[in-house]
Amino acid sequence: MEKAWLEPDEQDVWRGFLRMNAWIYDELEHDLRTRDGLSLIEYGILAHLSEAPGQRMRMRNLAETVIVSKSRLSHQIARLERDGNVRRENCEDDRRGFWAILTDKGAQTLSRAAPGHATRVRSLMFDRLSREQVDQLRKIVDTLGGDHPDHPDQGDPVPE
């Protein structure tokens, strides 16, 4: 028989996790918007594009990578495109598909934002943890999502 409620210690950990996740997200979102005029999702889009071969990704793969819906990604890409940070191109082998491509301006925007963002991530998370705790957290993250078939980086690859 399934338990209807979490045990008190499970509830404490779960609620603490939710509070911590929301707090870190909000802090990073505020910091990027204030310093660089970017949302955290827009920063993630630029970062993932910068790391991709040819600095381009299929829109559907990018949505899975930055963990947003396709409609939200389209909205964010439109804003980044309007500001000259990315451009969209039709995918020649799939008339319905599009590539998101990092522009030179987008690479410059990312280069300006990255140092401050990295500093803020460190101050909110890594500076508060010992090396051993970081290693433990890595194992926990890997256990909870890294090899799950529904995780965006796992399962069957999305065909191009």
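Which order do HIS117, HIS75 take when ranked by solvent-accessible area (1.4 Å probe, heavy atoms of all protein chains), largest first? It would help to have the intermediate numbers written out before the result.
On the way: HIS117 25, HIS75 120 Å².
Ranked list, largest accessible area first: HIS75, HIS117.
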query: Just the accessible area per residue of the chain, please: how many Å² with a 1.4 Å probe?
result: 70
query: Looking at region 1-48, which chymotrypsin sites (Phe, Trp or Tyr not before Pro) are DSSP coil and have at most 12 other C-beta atoms within 10 Å of their C-beta?
result: TRP5
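If I compute solvent accessible area with a 1.4 Å probe over the protein chains, what percent of it on region 1-145 is carbon and sulfur?
Values: 5280 of 9900 Å².
Ligands and nucleic acids excluded, carbon and sulfur give 53 percent.
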- request: Name the long-range amide H neighbours of GLY97: under 5 Å, sequence gap of 5 or more, or other chain; modelled H, no Pro or chain starts.
  value: CYS91
message: Residue by residue through region 124-133, what is 3J(HN,Hα) from phi via Karplus (6.51 cos²θ - 1.76 cosθ + 1.60, θ = phi - 60°)? Round to whole Hz and write x for glycine and proline.
response: 7, 10, 6, 5, 8, 10, 6, 4, 5, 5
Karplus 3J(HN,Hα) series, Hz, for region 46-52 with 6.51 cos²θ - 1.76 cosθ + 1.60 (x for Gly, Pro): 4, 5, 5, 5, 5, 8, 7
query: What residues have an amide H closer than 5 Å to that of THR103, excluding those fewer than 5 places away on the same chain, when H is modeled at 1.01 Å from N in the peptide plane?
result: VAL86, ARG87
field: Cleavage-rule hits, GluC sites (Glu not before Pro), region 6-96, DSSP coil, Cβ neighbours within 10 Å at most 15
entry: GLU92
message: Within region 18-57, name every residue whose backbone N is under 13 Å away from a label modeled 7 Å from Cα of LEU129 along the Cβ vector.
response: 21
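Using r as the Cβ-Cβ distance of LYS105 and HIS30, and R0 as 22 Å, what FRET efficiency do you calculate, to the nearest 0.05? Provide the component values of the computation, followed by the final result.
Numbers: r = 24 Å, r/R0 = 1.08.
Taking R0 as 22 Å, the efficiency between LYS105 and HIS30 is 0.40.
The values are calculated or read from the model by the stated rules, or taken from the named source; none is laboratory data. As the structure is a prediction and not an experimental result, all values here were calculated from the model. Every residue, glycine as well, gets a Cβ built from its backbone with ideal geometry; the counts of neighbours run over all protein chains shown. Areas reflect the complete protein model, heavy atoms only, side chains present, ligands, DNA and RNA absent. Shrake-Rupley method; radii C 1.70, N 1.55, O 1.52, S 1.80 Å.
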